[in-house]
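**Q** Dumping the structure here so I can ask a few things about it.
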Amino acid sequence: MRSILFVCTANICRSPLAEAVFRQLITPKARENAFEVASAGTHDYHIGKPAFPTAMELAKLRGFDLTGHVARRVKAGDFDHFDLILGMDRSNIASLRTIAPTRCKQKIELLLEYGDEFHGEEVPDPYGGEVEDFERAMDMIEDGCRGLVKLLAR
């Protein structure tokens with residue numbers, strides 16, 4: 001079983017969206033048998049809270065489900081547990097590499113390294129922004145997740 005952890009700053013916008021998008025894009029068989037998918041934040045700003053309302057609304061409009069999401073912070077055990085840890089921006093990557101054991105640093109990558117349209121870019125944090133900011137972040141997340149699914153389906 002492959003395990004993937006999506007990470008953003010507070011785990012209420014980008015990383016739960018990425019988790020939901022990836023879950024939806026993988027086939028039902030792969031979802032049940034081949035992948036464990038989760039999300040977390042690098043900071044503890046919103047631990048225990050649901051996804052941000054605008055993220056939930058946009059996800060629902062696009063056919064993704066954030067119901068039941070509860071924000072959590074990255075734990076020390078996550079670095080050994082997950083095969084791949086994908087940050088939404090370079091600040092997330094830097095935070096993760098600061099706290100990750102040396103043996104796990106190679107697991108940390110930028111989500112959009114897997115994207116086609118937005119390859120190598122950062123998913124900007126839409127928190128506190130307009131609906132358009134959430135839509136752009138979602139477009140980028142979908143691009144990265146599509147590329148990741150294509151790669152893992154080989």
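**Q** Please work out which residue is surrounded by the most Cβ atoms within 10 Å (Cβ to Cβ), limiting yourself to segment 119-133 and to residues that are more than 20 Å from Ile4 (Cα to Cα) and without any contact (Cβ under 8 Å) to a residue 60 or more places away in the chain.
**A** So the residue we want is Asp133.
**Q** Only one of these is touching a helix residue (DSSP H, G or I) at 6+ places or on another chain (Cβ under 8 Å), surrounded by 15 or more Cβ atoms within 10 Å (Cβ to Cβ) and without any contact (Cβ under 8 Å) to a residue 40 or more places away in the chain: Ala71, Ala59, Ala100. Name it.
**A** Every option except Ala100 fails the conditions.
**Q** Out of all the residues in segment 121-135, is one or more part of a strand (DSSP E or B) and modelled with pLDDT of 95 or more?
**A** Looking through segment 121-135, none of the residues is part of a strand (DSSP E or B) and modelled with pLDDT of 95 or more.
**Q** Which residue out of Ile93, Ile4 is within 22 Å of Glu113 (Cα to Cα), of a type in the set (A, V, I, L, M, F, W, C) and in contact (Cβ under 8 Å) with a residue 60 or more places away in the chain?
**A** Ile4
**Q** Out of all the residues in segment 93-117, which are within 25 Å of Ala153 (Cβ to Cβ) and of a type in the set (S, T, N, Q)?
**A** Gln106
**Q** Does Ala38 count as modelled with pLDDT of 95 or more and either surrounded by 14 or more Cβ atoms within 10 Å (Cβ to Cβ) or part of a helix (DSSP H, G or I) (or both)?
**A** Against the criterion (modelled with pLDDT of 95 or more and either surrounded by 14 or more Cβ atoms within 10 Å (Cβ to Cβ) or part of a helix (DSSP H, G or I) (or both)), Ala38 qualifies.
The values are calculated or read from the model by the stated rules, or taken from the named source; none is laboratory data. These numbers were taken from a predicted model, which means no experiment stands behind them. Please note: Cβ atoms are built from the backbone with ideal geometry, for glycine as well, and neighbour counts cover all protein chains shown.
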